[in-house]
Amino acid sequence: MDNDERLPEGSPPKRPPSKGSLPGFRDFYPEDLARRSAIFRAWRAVARRYSFVEYDGPPLEPLDLYTQKSGDEIVTQLYSFEDKGGRQVSLRPEMTPTFARMVAARANALPKPVRWFSLPQLFRYERAQRGRLREHFQLNVDIVGEPSELADAELLCVAIDIMRELGLGPDDVRAKVSDRRLLNELLAAIGVSEGQLGAVYGVLDKVARQPHDVSREKLEAAGLVPNQVERIMALPDVATMDDLERDFGHVAAVKPALERFGRYLGHLHALGVTAWVDIDLSIVRGLAYYTGTVFELFDAKGELRAICGGGRYDNLLAALGGVDLPALGFGMGDVVLGELLKAHGLFDDVVTEGPEFWVVSTVHNEPATVLSTAAALRRMGYAAEYVLNEEKLRTQKSAAQIKAAERAGAQWLVIFRDDTHAEVRPLSREKGEEHREWPVIALQDLQDPERGYAALAAAGVPAARDD
RNA sequence: GUGGCUGUAGCUCAGCUGGUUAGAGCACCGGACUGUGGCUCCGGGGGUCGCGGGUUCAAUCCCCGUCAGCCACCCCA
């Protein structure tokens, strides 16, 4: 191994040529994209079912859109650079600033409530690990202009219905709900001061992931007395409205927030999702801008990161876009969701789609007949394939072509009797059908769509999909 | 950004205290079963053993670095 070093002294170490994709970025092979598309379909289907409309914005934004309003931590993780025009730009790490700008620009013209959703690809420069990449797709669903808790209930219902749409149930996924206004009143009743709120939020957020001793120490360090510490540590155990009534019902100042939370839960009941929902006052959400209801969706086993999180942010549009409108929304990423679906086997039968037809060349027909038949089928809106090799089209045995059709995932075979007639049979046939007679169609009929559809329908072929 | 573990074919993995041309299964491509299918058989392509350096007569194996992946922090989407 004595390859001579020709690099001059002191030159920087050469980075090996990059092979795969960049760290934290994904290649979507057809089977991967099929799974991604299944998620996208569910997102769009449910969002539309609730009458949300889709929008999008630029994936690249001015850097200051994020540096001005977002936290310091986000700024260190921006995928930012200077473009050739000398502008400081960043790939979008979240959709909300773009959404706020777009809504603000037409705030007066938009009918309220605004119900918009988007499927942006978002970017963050940070260490990649399971469930967390440098890039992901995130469904964003937002409602603007509606202050009542009916909107809060509807929003959570969208997230839950997506779980249903994907085949998950309340035994698989739990929705944990809380309300910051309520929590603030509860903490005030306990005697927590405004200045101590941040520390208490921090402890509550981590109560499940951090030893209770550590939590208690942090609360004491914030200046809370033992009695207060115990009452705060008891908050995550609250599971029902009755618990809340029992512990805080006598405090007059808490009552309005309590009643509002009760109405929220009542709406969720009427919408039929109560079986999915748990009260969990330790859900505060990391982002500081939430002002009302907050929720997160988790896998029931608690093995994965949060699937989805959101809530009400009534002051954010004023801060970000300059219009003072109440708003709420959630984000749901494709990465954790995909892992959950995979773990439940719900991706097993998601495959790339094969063609409806495979046209099989035989000794009885001219190769040109294969092409014209496929062309006719395609004009009718079907996907049609045949062996794409001239030599094989002339000489390959039908058996080999049928094998190829099977591998390609075709549904129907067209097998020529001669240059004017062909048999149409399903590729997957039942046992005992090996010698069955299959319908024969006249190729002439395929040249006219109406007669073509009739002929194929007679052979049992459904109409072409129009998507 | 910090720490720990891992890195052999497209995938899942073998590779016996360092010793000739690094193997298997699956997948892929081709052929046979004398031209209408799922079986079976035969053959083939594919690996700078992540990359770079060091120790050694000899390194996939030992040491260092680096890159990548996973995990835990950090933080969140």
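The values are calculated or read from the model by the stated rules, or taken from the named source; none is laboratory data. This structure is a prediction, so every number in the text was calculated from the model and none was measured. No Cβ is skipped: glycine too gets one built from the backbone with ideal geometry, and neighbour counts run over all protein chains shown. Each accessible area value is taken on the protein alone, full model and side chains, heavy atoms only, with ligands, DNA and RNA left out. Shrake-Rupley method; radii C 1.70, N 1.55, O 1.52, S 1.80 Å.
Comparison of A:Pro211, A:Pro256 shows that the only residue that is at pLDDT 95 or above, over 31 Å from the mean Cα position of the chain (by Cα) and not acidic (Asp, Glu) is A:Pro256. The residues of the range A:405-423 that are open to solvent by less than 30 Å² (accessible area, probe 1.4 Å) and within 18 Å of A:Glu366 (Cα to Cα), listed by number, are A:Leu413, A:Val414, A:Ile415, A:Phe416, A:Ala422, A:Glu423. For A:Arg305, the requirement of being open to solvent by 40 Å² or more (accessible area, probe 1.4 Å), in contact with a Gly (Cβ under 7 Å, 6 or more places away or on another chain), touching a residue at least 24 places away in the same chain (Cβ under 8 Å) and of a type outside the set (S, T, N, Q) is met. The single condition among (1) outside any helix (DSSP H, G or I); (2) open to solvent by 50 Å² or more (accessible area, probe 1.4 Å); (3) at pLDDT below 80; (4) at negative phi that A:Ser70 does not satisfy is (2).
The set of residues in the range A:93-122 being more than 10 Å from RNA strand B (Cβ to nearest atom), assigned to a loop (DSSP other than H, G, I, E, B) and under 17 Å from the mean Cα position of the chain (by Cα) consists of A:Leu119, A:Pro120.
The test for being within 29 Å of A:Leu168 (Cα to Cα), assigned to a loop (DSSP other than H, G, I, E, B) and out of contact with any Phe, Trp or Tyr (no Cβ under 8 Å at 6 or more places or on another chain) holds for A:Glu303. One residue stands out among those in the range A:1-50 that are assigned to a loop (DSSP other than H, G, I, E, B) and polar (S, T, N, Q): the one that is modelled with the lowest pLDDT, which is A:Asn3.
A:Val284 satisfies every condition listed in (1) open to solvent by 30 Å² or more (accessible area, probe 1.4 Å); (2) within 16 Å of RNA strand B (Cβ to nearest atom); (3) in contact (Cβ under 8 Å) with a residue 60 or more places away in the chain; (4) among the hydrophobic types (A, V, I, L, M, F, W, C) except (1). The residues in the range A:236-294 that are assigned to a loop (DSSP other than H, G, I, E, B) and at negative phi can be counted, and the count is 20.
Please determine, by comparing only the residues of the range A:335-355 that are in contact with a strand residue (DSSP E or B) (Cβ under 6 Å, 6 or more places away or on another chain) and surrounded by fewer than 22 Cβ atoms within 10 Å (Cβ to Cβ), which one is farthest from A:Leu139 (Cα to Cα). Walk me through how you get there before you give the answer.
Filtering the range A:335-355 for residues in contact with a strand residue (DSSP E or B) (Cβ under 6 Å, 6 or more places away or on another chain) gives A:335, A:340, A:355.
Narrowing the set further to residues that are surrounded by fewer than 22 Cβ atoms within 10 Å (Cβ to Cβ) leaves A:335, A:355.
Values: A:Val335: 11, A:Pro355: 30 Å.
It comes out as A:Pro355.
Residues of the range A:383-439 that are under 37 Å from the mean Cα position of the chain (by Cα), within 9 Å of RNA strand B (Cβ to nearest atom) and part of a helix (DSSP H, G or I): A:Lys403, A:Ala404, A:Ala405, A:Glu406, A:Arg407. Candidates are the residues of the range A:123-162 that are away from RNA strand B (no atom under 14 Å from the Cβ) and of a type in the set (Gly, Ala, Ser); the one that is nearest to A:Ser51 (Cα to Cα) is A:Ala151.
All of (1) open to solvent by less than 10 Å² (accessible area, probe 1.4 Å); (2) within 25 Å of A:Pro113 (Cα to Cα); (3) in contact with a helix residue (DSSP H, G or I) (Cβ under 7 Å, 6 or more places away or on another chain); (4) part of a helix (DSSP H, G or I) hold for A:Val203 with one exception: (2). With respect to A:Arg101, is the statement that it is under 21 Å from A:Phe330 (Cα atoms), touching a strand residue (DSSP E or B) at 6+ places or on another chain (Cβ under 8 Å) and surrounded by 12 or more Cβ atoms within 10 Å (Cβ to Cβ) true? Spelling it out, it is not the case that A:Arg101 is under 21 Å from A:Phe330 (Cα atoms), touching a strand residue (DSSP E or B) at 6+ places or on another chain (Cβ under 8 Å) and surrounded by 12 or more Cβ atoms within 10 Å (Cβ to Cβ). Taken as a whole, the structure places A:Ile441 among residues that are surrounded by 19 or more Cβ atoms within 10 Å (Cβ to Cβ) and either on the phi > 0 side of the Ramachandran plot or assigned by TED's automatic domain parsing to the domain that holds A:Ser361 (or both). Per the listing A:Asp152, A:Asp161, A:Asp142, the residue uniquely part of a helix (DSSP H, G or I), open to solvent by less than 20 Å² (accessible area, probe 1.4 Å) and charged (D, E, K, R) is A:Asp152. As a summary of the residue check, A:Arg216 satisfies the conditions (1) open to solvent by less than 60 Å² (accessible area, probe 1.4 Å); (2) over 29 Å from A:Val141 (Cα atoms); (3) not hydroxyl-bearing (Ser, Thr, Tyr) except for the one numbered (1). Looking only at the range A:188-200, residues that are within 24 Å of A:His250 (Cα to Cα) and open to solvent by less than 50 Å² (accessible area, probe 1.4 Å) come to 7 in all.
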